[in-house]
Every structure is written in structure tokens, then in C-alpha cells.
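Read the structure below first, then the notes.
Here, each number is a calculation from the coordinates, and none is a lab measurement. Being a predicted model, the structure only gives us computed values, none of them experimental. Quick reminder, even Gly has a Cβ in these numbers, built from the backbone with ideal geometry, and neighbours come from all protein chains shown.
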Amino acid sequence: MNTLGKQDVINGLKKCKRLAKQDLLASSLTSQPEFWNKQAEVRRQIYGELIEIVEKKGVEAATSYALKAFVKLSPDNDSPEVRGQRQALKMFFTILGMDERTALQEAKRAVGMETSSAVATQASL
């Protein structure tokens, strides 16, 4: 699924993290500074987590983490935290060459596989 190398993904995430820092600094100039500050902080945090996972465990592990996190986000929740998470995860998927629809399908498939595996394990006990 992923054709980008580990360092390419890390470099892309670092650029996104820098953009989020710029947004954090510019948030005070907006009409809702607290909202945009929090949203940018969360994006920076997510990018940092993804960078760490890619460095330690690889792109596939980071993708799995991101897909699971993405499917758990409520599309109805418009808080700055959820918006920041959603935006950061979507940008990660964009770096990997996935559009939102593909990412959501992959996320649902990954979560479905885990659920099926857990049910099968419980059934065998």
C-alpha cells in the first residue's frame, strides 16, 4: 500500500508539523484564537506521534495507528481537538497517497479485522 520510504514520510510529517506551528503562532490573529490555537496544538501533537511511530516501528505501523484513530473520530464532533486530529490524520493519508474515502474504507476494514480476530479468539476459549 505504501510506496514512500520511511524518510520521505518523516520529512512530509515534519513539514506539516512546521505548518501547524505557524498556524499556532498566527492563531492569536484570528477571531477565535483559543479554538485555532488548540486545533493547531493538536495537529502538532499528532504529527509528532506519527513521526515517532514511523521512526521506531515503520510506516506500516504508523498507518495502522492512524487508520484506527481516524475511524474512532466522530464526524459530528466539531471541537478543535477533533478537528485537529481529523485534519492531521487526513494530511498523513495524503502524504501516503490516500484520499479520505480510501482511508476511511481501510480504517473500517482494519477495525473489522481486529473485531473478527478478537471474536474468534474468544470463541476458541
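A few notes on this one:
- Long pairs among Lys17/Lys72; Lys14/Lys108; Lys6/Lys108; Lys17/Lys68; Lys6/Lys56; Lys15/Lys68, criterion Cα-Cα beyond 19 Å: Lys17/Lys72; Lys14/Lys108; Lys6/Lys108; Lys17/Lys68; Lys15/Lys68
- Converting phi to 3J(HN,Hα) with the Karplus coefficients 6.51, -1.76 and 1.60 and the offset θ = phi - 60°, region 23-39 yields 5, 4, 5, 7, 4, 5, 8, 8, 6, 10, x, 5, 4, 6, 5, 5, 4 Hz in sequence order, with x at every glycine or proline.
- Between Ala62, Ala88, Ala26, the residue with the greatest mean-square fluctuation in the GNM of the chain (Cα pairs under 10 Å linked by springs) is Ala26.
- Most mobile of Gln45, Gln87, Gln22 in a GNM of the chain (Cα contacts under 10 Å): Gln22
- The Cα atoms of region 10-63 give a gyration tensor whose axes a ≥ b ≥ c have a/c of 1.5 or more with a/b greater than b/c, which makes the shape prolate.
- With the cut-off at under 12 Å, measuring from each backbone N in region 83-101 to a point 7 Å along the Cα-to-Cβ line of Gln32 picks out 83-84.
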